[in-house]
Each structure stands twice: as structure tokens, then as C-alpha cells.
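Here's the structure, in C-alpha cells; my notes come after.
The values are calculated or read from the model by the stated rules, or taken from the named source; none is laboratory data. The model shown is predicted, which means the values in this text are computed figures rather than measured ones. Quick reminder, even Gly has a Cβ in these numbers, built from the backbone with ideal geometry, and neighbours come from all protein chains shown.
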């Protein structure tokens with residue numbers, strides 16, 4: 001029997017949660033505007049998630065050399081990242097397609113195991129299955145916030161948010177790089193977050209110079225660029241901590257601006 005392992009089991013659980021959120025949508029619901037992207041509908045959000053699960057499935061099945069090549073061949077994306085090749089599908093059809101693609105993807109994840117390798121971005125070594133599953137989980141949750149916020153629902157956060165928290169810490173050098181800043185690993189930094197269970201998740205060594213403390217939910221929302229840290233209850237102390245909180249970004253690509261702060265502190 002294939003091994004089910006975290007974060008693949010977390011990815012399956014998160015997908016089920018989002019599926020339940022949208023499964024009874026009418027076409028009017030699907031065509032509501034998503035939060036944080038004024039050109040996307042809620043159908044566009046699920047299409048985007050489904051399409052990159054499809055890309056992952058293709059690469060896991062040995063059909064393609066990089067996500068860029070697979071995406072370029074099949075998506076017909078425009079400058080706003082609409083997947084034009086699927087624009088004529090109904091929301092219900094897109095949802096069923098997502099179910100199919102994520103099932104293929106997760107089945108291959110489990111078949112290959114956490115240390116299996118899969119090509120992803122062009123020009124870099126293949127990723128581990130564990131890393132790619134973590135990235136898919138982060139992106140799924142990030143875009144689910146676009147739906148929750150559009151519906152006026154408080155985003156659901158479970159213990160599995162630790163994958164997003166890990167990426168917010170592990171990717172620090174690249175965050176500084178894409179923002180044109182120098183990253184100095186010798187500068188003390190401490191990140192201490194409380195998970196929904198009450199358990200503490202922490203990285204770095206405790207210090208009184210630079211630290212960020214608060215809930216995992218607040219930090220994760222900041223790290224996916226859906227909240228400005230100044231509008232949360234996070235305790236951010238020190239110049240370097242403020243810089244980190246201002247540029248944190250869990251996903252690849254150019255620097256993405258945080259939402260404009262509603263309050264300054």
C-alpha cells in the first residue's frame with residue numbers, strides 16, 4: 001500500500017475543505033469577484049489551482065520537463081494569469097476537473113514517496129515530492145483566502161498551516177534578493193507562532209533585538225501577502241523584524257507588494 005505522509009495527507013485534507021466550501025456554488029457564485037485580484041472571479045481562482053495541479057500531475061507522470069513548459073503549452077494564459085483555455089467551462093465543470101487532477105497528483109505523490117524527485121522550474125534541480133506537496137498546499141491555502149475574503153468568511157486555519165510557516169522562514173534569502181536587499185544570516189531573528197491547537201511553532205534563537213510573535217494565522221496571512229503585518233496583532237520588534245515582516249513572501253517570483261496598511265505602527 002502506498003504511504004500517506006505529511007504534507008500529502010494535509011494537502012488532501014485542505015483540498016477537501018475548499019471543495020466543501022465551493023461545491024454548492026451557483027454559476028452566479030462562481031462569477032463573483034475574488035479578493036486581491038480585481039480581474040479574477042472565484043471560478044478563476046479554482047481554475048488556477050486546478051491548472052497547476054494538472055501541471056504537477058503531468059510532470060509527476062513524466063510528461064514534460066518543467067512547469068513553465070507544461071503551462072505554456074496548455075494554458076493560453078493572459079497577462080492577468082487567466083487560464084484562457086478553460087474559460088468556456090462552467091464552475092461545476094472546473095470543480096470536477098480539479099477533483100480529477102488533484103487525485104492524480106496526490107496518487108503520484110504517494111506512489112513516489114516523500115523523497116521522490118520531480119522536475120519543476122526550468123534551470124533548477126528537481127524538487128522532492130515533500131517539497132512540491134508543501135508548495136501546492138501553501139498555494140491552495142493562499143488562494144482559498146481569496147475565496148473566504150470575497151465571501152466575507154473568516155479563513156479556516158488548521159495545524160497543517162505549518163507548511164506555509166516553514167516556507168515563510170526557509171525562503172528568507174530569496175525574499176531579500178527579489179526585494180534588492182542583502183540577507184545577512186548572522187543578524188538575529190526569532191519567529192514564535194501559536195498554532196490553532198495552542199502549540200508553539202518557532203524558528204531561530206530567542207533574542208531581544210529582532211523578533212516576531214503572534215498567531216500562526218496572522219503570520220500566514222501576512223506571508224501569503226493577503227494582510228499587512230501592521231493590521232494584525234503580531235508583535236514585531238526590531239528593524240530587521242520589521243523589514244522581514246514587510247517583505248515575507250512564501251511563493252516564488254518577483255516581489256509582491258503587501259496590501260496597503262490601514263494603520264501605521
Only one of these conditions is not met by residue 256: (1) touching a residue at least 12 places away in the same chain (Cβ under 8 Å); (2) part of a loop (DSSP other than H, G, I, E, B); (3) more than 26 Å from residue 121 (Cα to Cα). Which number is it?
(3)
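Within region 20-131, considering only helices (runs of 4 or more DSSP H) that don't extend past its boundaries, which have at least 2 residues that are crowded, with 19+ Cβ neighbours inside 10 Å and assigned by TED's automatic domain parsing to the domain that holds residue 143? It would help to see each step written out before you state the result.
Working: elements: 27-30, 42-60, 67-74, 91-112.
Where helices (runs of 4 or more DSSP H) fall fully within region 20-131 and carry at least 2 residues being crowded, with 19+ Cβ neighbours inside 10 Å and assigned by TED's automatic domain parsing to the domain that holds residue 143, they are 42-60, 67-74, 91-112.
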Can you name every residue in region 175-224 that is in contact (Cβ under 8 Å) with a residue 60 or more places away in the chain, buried (at least 19 other Cβ atoms within 10 Å of the Cβ) and assigned to a loop (DSSP other than H, G, I, E, B)?
224
Assuming residue 241 fulfils every condition listed in (1) over 21 Å from residue 150 (Cα atoms); (2) in contact with a helix residue (DSSP H, G or I) (Cβ under 9 Å, 6 or more places away or on another chain); (3) assigned to a helix (DSSP H, G or I) apart from one, which condition is it?
(2)
